1. Would you confirm, using the coordinates I've provided, whether B:GLN348 is closer than 23 Å to B:ARG235 by Cα, part of a loop (DSSP other than H, G, I, E, B) and free of Cβ contacts under 8 Å to residues at least 40 places away in the same chain?
2. From (1) facing chain B (nearest Cβ under 7 Å); (2) more than 23 Å from A:ILE228 (Cα to Cα); (3) touching a residue at least 12 places away in the same chain (Cβ under 8 Å); (4) of a type in the set (A, V, I, L, M, F, W, C), pick out the condition that doesn't hold for A:ALA61.
3. Quickly run through the stretch A:409-422 and pick out the residues that are modelled with pLDDT of 85 or more and more than 14 Å from every other protein chain (Cβ to nearest Cβ).
4. For A:SER402, which of the numbered conditions (1) among the hydroxyl-bearing types (Ser, Thr, Tyr); (2) assigned to a loop (DSSP other than H, G, I, E, B); (3) without any contact (Cβ under 8 Å) to a residue 24 or more places away in the chain fails to hold?
5. Taking the criterion of being of a type in the set (Asp, Glu) and either more than 14 Å from chain B (Cβ to nearest Cβ) or buried (at least 21 other Cβ atoms within 10 Å of the Cβ) (or both), would at least one residue in the stretch A:245-267 satisfy it?
6. Output the helices (runs of 4 or more DSSP H) that fall wholly within the stretch A:423-516 and possess 2 or more residues being within 14 Å of chain B (Cβ to nearest Cβ), or say none.
7. Please go through the stretch B:73-129 and pick out each residue that is among the small types (Gly, Ala, Ser) and crowded, with 16+ Cβ neighbours inside 10 Å.
8. I need the full set of residues from the stretch B:253-284 which are surrounded by fewer than 16 Cβ atoms within 10 Å (Cβ to Cβ) and out of contact with any strand residue (DSSP E or B) (no Cβ under 9 Å at 6 or more places or on another chain), in order please.
Amino acid sequence: MSDDSHLLPYARRADFKVARANELTGKDRRFYRFLEIVPGVAAWATLVGIVWASIYASFFAAYFIIAFAIYWVLKTIFLSYHVRYNYKRLKHHLELDWGRLIERFKCEDYYHLVIFPYYKEPLEMLDEAMKGLAEANYDLKKLIVVLTAEERAGKESVDQAYQIEQKYAGQFGHFLVTEHPDDIVGEIAGKGSNVHHALHDVRVKVIDQQKIPYKNILTSIFDIDTVIYPDYFNCLIWHFMTAEQPFKSAFQPVPLFTNNLWEASAVSRVMAMSSTFWQMIMQERPDKAATFSSHSVSFQALYEIGYGQANVVSEDSRIFWNLMVANDGNFDVVSLSYPIAMDATAAPTLWGTIKNIYQQHRRWTYGVENWVYLVYHFTKNKKIPLRKRWAVALMQGEGYWSLVTNPIMLFILGWAPIFLGTREFHETVLSYELPIMVRNLLIVAMFGLVVSSIIALSLTPPRPQGYSRFRYIVMALQWIMVPITMIVFSAIPGLDAQTRLMFGRYMGFWVTPKRVQ
Amino acid sequence: MPQEPQISGMPQRHRQIFFWTLVLVFVLLLPTMIFYTTGYRLIFDSDTETTMVTSTGGMYVTTSNLDIDVYLDEEQIEQPRLFRNAYYIQNIKAGQHRIVVQAPEVHTWVKELPVDPHIVIEAAAFNMPTTPRLRPITEYETSEGAAVYQGTGTTSTIFANATVTEAFVFATTSSVASFSINPEYEFVETLFGTSTASTTSVFAQFIRDMDRFRFISPEERTATTSTTTPEVIERNGVELLNRGLELYAVWRGSENGIPFYFCVTNANASTTAFRYGQHVANAVYATSSATSSPLFLVDDRTCRSEIKLDRLRQDVYLFDFFPGSSDLVLLHLEDGLYVTEIDDRAWQNTQPLYLGEDFRAIIENDIIYIEENGNFFEIIPEIES
């Protein structure tokens, strides 16, 4: 029998780490399955509803579309304002000397556990990640670095970790290479299960051996393409030290997908920067955020929930919901507004890039499984304030619903009453004015893209040799693709993911190839 | 050196104020936008110096030419930027309005239409060239494809009152060795050789039919009538047919698909006469008692299924749909070839395409051919834009 005394009371529940309805029984199973169906039904009902209303209630559909277009313009203003605000903060944080700022704190006892899970990524990528760590403005002896390979990736892939260990181990306080077995029952192959295994390994082999208190360890779980900025650990510990409840907080940097931005195609750059902007928006709305991709959290908090789940696709956000639910709602996201550099999705061909971006976004939007999880646990954990449960459930639900439906409604179905409406509708001024009005509102909304374009250019790394200045113009103009990318890489993969969940065709983890080899 | 970062995260209150401001903007903007898109406008009345809310309607006019000018009540309408052959005219006060579509070198199209609040009335304008445009079809052509006329001649003798769209030459010798045979000529010659179209008038056919009935009994007449069915031409649900001396356009498609000009707004006879013309009111109220082609309602509009075509009180030699259209009809009348619209609201615009009394015309594969003085031509109905 395993010892679970270190777990928080709620984390000891048998269903705490539920991933799918079929892992439950009886009423719980039926309820969880119902929740899995809800997002897909809501999305499809909205889209079909607009088509239906366009045919049978054209006037109502037209008024709805006008309301929706106005809402979209105002939402664009709202979000652009957040991006601009966070951009100012990000720039300011990059200019600060965080080393000086943390001098007033007693940080010597704190360690940074940095976990890099990887699969078949090239040695060059592993090396860049380590180089970034080695160049950090921080006492490297306070770093515990774990490079965690996948057994299923083969010996060659695992050997890369040892090559890196040979090169860098001496520079850090501790360096551990772990190998995640591929036959652990109850796991799904992917980053989550790999990290889960590594956390356990490093605790047993390093932390416990060195008798380092768990509360003195800040764990950063990084994708292997993550290259930190020099002051990352200083910035992180400053926020940890000044957080209202440091052990009940996750610390979220801003992922800039800029490592390979100059090599990436325009479509890839737009999607990468769009993801960055979304994270910048969430930095200013931490009360509405969850962790995403690379982030940091106290080891103590992770230990109290048994390191999170090894059986989900969207593990980066799920770990936050695990923490929140287990801590009875008392767990926050703290925005660092400090960047980390990552790779934009790339492939040797444009078609390959498009395919990779689609699959990457389908995996991200499969995060809707987290909504199912949190609503399920909101009904179980009554210690979480009711208002918070409702607010989070509705806000997260609206997020997944709008991600899938809004672009399609705006750019495609907005015109449906004109094509599908009744003859009576076609004879009205409303029928003729509707496309003009929607077009004008979308043009106004497009001004948000100008803001995006300017900010994106200023976040772009310096132009490497061999790249023409003309590419700056392409980078400025690439934003006109947004209406298409929103549909092709947000709405459709989102709908794909929600439909799969609705039919119980559960997805597995798909590793995004990011570097052209 | 400051002890804290100087820019903190966006304060919750700041965010809330911004959010609720935008909510307020939404609440104010939504009804305004809905009122605007349904046709309400704020209009300043200079006489009373007051601003008032007025309900407006619109007009949607399609044109057959791109470089034309459109006027509404003598005021020129700005050219659309994208769909240049479709004009959507907004902010029209309710009432009768005159729309004029004109350009140099084409006939002017004019219509007077009623505009109702919140409703857009449709019209399809057409403008035929004032000078006919002919493409010569000769037996021989040069290696460059130019038509060859044999013998000496001048342009004015062959293309009197017309412009020619393609190059041609006069061959001064009778030798044709250096020319090639034009297969189109043979085709057109065969067409005119075998077809009777454009030679027998509707009037002649009517008289012949009357003669046939003159010496037969009523029983025989009934039996014979069924065999003398009028000529019928159909396109996109619209049939063209002659009944007696008159020509009609009859809608045979579904009630919902009926073209806009078959229908009028539900109103009494005098209102209908005022809005669309006495002839339309007469037609509607004559049809209302007919059993063969009764009126029907589409949404809240009254629709008749047939419209009489204006033949300018002349005999008709040929009628057919104008190439590429089911709204326009080509009529070969006694003094020339005309194009008329089926839309009879206010009046039917009829424009000459080729004038003359001594030519034959035929339509084949949506191409209008004429034969005059032994020469063949294709009529090009569009002007180059």
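The values are calculated or read from the model by the stated rules, or taken from the named source; none is laboratory data. All values derive from a computational prediction rather than experimental measurement. Cβ placement follows ideal geometry from the backbone for every residue including glycine, while neighbour counts extend to all protein chains displayed.
1. On the way: closer than 23 Å to B:ARG235 by Cα: yes; part of a loop (DSSP other than H, G, I, E, B): yes; free of Cβ contacts under 8 Å to residues at least 40 places away in the same chain: yes.
Criteria met by B:GLN348.
2. Status for A:ALA61: all satisfied but (1).
3. Listed by number, the residues that qualify are A:MET409, A:ALA416, A:PHE419.
4. Failing condition for A:SER402: (2).
5. Residues of the stretch A:245-267 that are of a type in the set (Asp, Glu), as a first pass: A:263.
Retained after the next criterion (residues that are either more than 14 Å from chain B (Cβ to nearest Cβ) or buried (at least 21 other Cβ atoms within 10 Å of the Cβ) (or both)): A:263.
There is at least one residue in the stretch A:245-267 that is of a type in the set (Asp, Glu) and either more than 14 Å from chain B (Cβ to nearest Cβ) or buried (at least 21 other Cβ atoms within 10 Å of the Cβ) (or both).
6. Details: elements: A:423-426, A:429-459, A:470-477, A:482-486, A:492-502.
Counting at least 2 such residues, we get A:423-426, A:429-459.
7. If we filter the stretch B:73-129 for residues that are among the small types (Gly, Ala, Ser), which is where we start, we get B:86, B:94-95, B:103, B:123-125.
Result: B:ALA94, B:ALA103, B:ALA123, B:ALA124, B:ALA125.
8. Answer for the stretch B:253-284, where residues must be surrounded by fewer than 16 Cβ atoms within 10 Å (Cβ to Cβ) and out of contact with any strand residue (DSSP E or B) (no Cβ under 9 Å at 6 or more places or on another chain): B:SER254, B:ASN268, B:ALA269, B:SER270, B:GLN278, B:ASN282.
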